[in-house]
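Peer 1: So that we are looking at the same thing, I have put the structure below in structure tokens.
The values are calculated or read from the model by the stated rules, or taken from the named source; none is laboratory data. All values derive from a computational prediction rather than experimental measurement. Note that each Cβ is placed from the backbone with ideal geometry, even for glycine, and that neighbours are counted across all protein chains shown.
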Amino acid sequence: MKTSIIVTTLMILHGWFPGTTQCLLYGHTSDGIKVMRLLCESEKYLWIGTNVGLVRRSVQTGREWVVSKESSILRSNEITCGVCLPDGRAYIGTKDELLYWDNHILIQITNLNSDLPENNIRELMVDQQENVWVKTIHGQVGKVYESNVKMLKTGKHIPASVNVMYRSQAIPSKPTT
């Protein structure tokens, strides 16, 4: 119920301001849950970053699934960014891992099971070919292949021929005034 109020507020805000899925949206409730950002949405789900973890809300049923460090595999409740692909897949960045939703399960991608050099994810981007790109806190960039990451060589940037359609950047720790 608590997150339903937050999600409803986000949906209203999103309807009034199309394109805000990549902008910061802050909301407070009496139970202390703070919505940090509507990360992305697909035809099936809304992905919402909060101060207590990640919320996935079904667009069709309104049913919510809360993923937190305390109740799941999540390594950090600090959600930094997220992108959704048209087929429903989603990538969520945290301060301690990259998560991949393959439309069935949430898969952890870290420096222990991929080529990621570090786990603090700063930014996720999607290009016109629906390739997902990741940027770490120290500026290293890689291309994501489902549950693996191929990092570009040090000093390399996303190729100029890649046209980034949208990006989701890290959420500041505190709202700016």
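Peer 1: Looking only at region 108-116, decide whether some residue is in contact with a Phe, Trp or Tyr (Cβ under 9 Å, 6 or more places away or on another chain), closer than 18 Å to GLY53 by Cβ, part of a strand (DSSP E or B) and among the polar types (S, T, N, Q).
Peer 2: Yes: region 108-116 contains one or more residues that are in contact with a Phe, Trp or Tyr (Cβ under 9 Å, 6 or more places away or on another chain), closer than 18 Å to GLY53 by Cβ, part of a strand (DSSP E or B) and among the polar types (S, T, N, Q).
Peer 1: OK, next. Need pairs with beta-carbon distance below 6 Å; first residue touching a residue at least 60 places away in the same chain (Cβ under 8 Å) and within 15 Å of LEU74 (Cα to Cα) and within region 91-119, second surrounded by 17 or more Cβ atoms within 10 Å (Cβ to Cβ) and hydrophobic (A, V, I, L, M, F, W, C); sequence gap 6+ or separate chains.
Peer 2: That search, which allows pairs on different chains as well, returns GLY93/CYS81; GLY93/ILE121; GLY93/LEU124.
Peer 1: Filter region 25-71 down to residues that are modelled with pLDDT of 75 or more, of a type outside the set (Val, Ile, Thr) and over 21 Å from VAL126 (Cα atoms), then give me how many there are.
Peer 2: Result for region 25-71: 13.
Peer 1: How many residues does region 62-106 contain that are aliphatic (A, V, I, L, M) and touching an Asp or Glu at 6+ places or on another chain (Cβ under 7 Å)?
Peer 2: Qualifying residue count, region 62-106: 1.
Peer 1: Taking the residues in region 113-144 that are farther than 17 Å from TYR100 by Cβ and hydrophobic (A, V, I, L, M, F, W, C) as candidates, determine which candidate is surrounded by the fewest Cβ atoms within 10 Å (Cβ to Cβ).
Peer 2: Here the answer is ILE137.
Peer 1: Quick one: in region 69-99, of everything that is among the small types (Gly, Ala, Ser) and part of a strand (DSSP E or B), which residue is surrounded by the most Cβ atoms within 10 Å (Cβ to Cβ)?
Peer 2: GLY93
Peer 1: Next question. Given the conditions (1) within 23 Å of ILE73 (Cα to Cα); (2) at pLDDT below 90; (3) surrounded by 14 or more Cβ atoms within 10 Å (Cβ to Cβ); (4) not charged (D, E, K, R), which single one is not true for SER173?
Peer 2: (3)
Peer 1: While we're looking at this one, here's another question. Here is a list of conditions, (1) under 26 Å from VAL141 (Cα atoms); (2) buried (at least 19 other Cβ atoms within 10 Å of the Cβ), and VAL66 meets all of them except one; can you say which number that is?
Peer 2: Evaluating VAL66 over (1) under 26 Å from VAL141 (Cα atoms); (2) buried (at least 19 other Cβ atoms within 10 Å of the Cβ) leaves (1) as the failure.
Peer 1: Just checking, which of HIS138, HIS157 is over 23 Å from CYS84 (Cβ atoms) and at pLDDT 90 or above?
Peer 2: HIS138
Peer 1: Taking ASP102 and the conditions (1) in contact with a strand residue (DSSP E or B) (Cβ under 7 Å, 6 or more places away or on another chain); (2) within 21 Å of LYS44 (Cα to Cα), which numbered condition does it fall short on, given that it satisfies the others?
Peer 2: The single condition ASP102 does not satisfy is (1).
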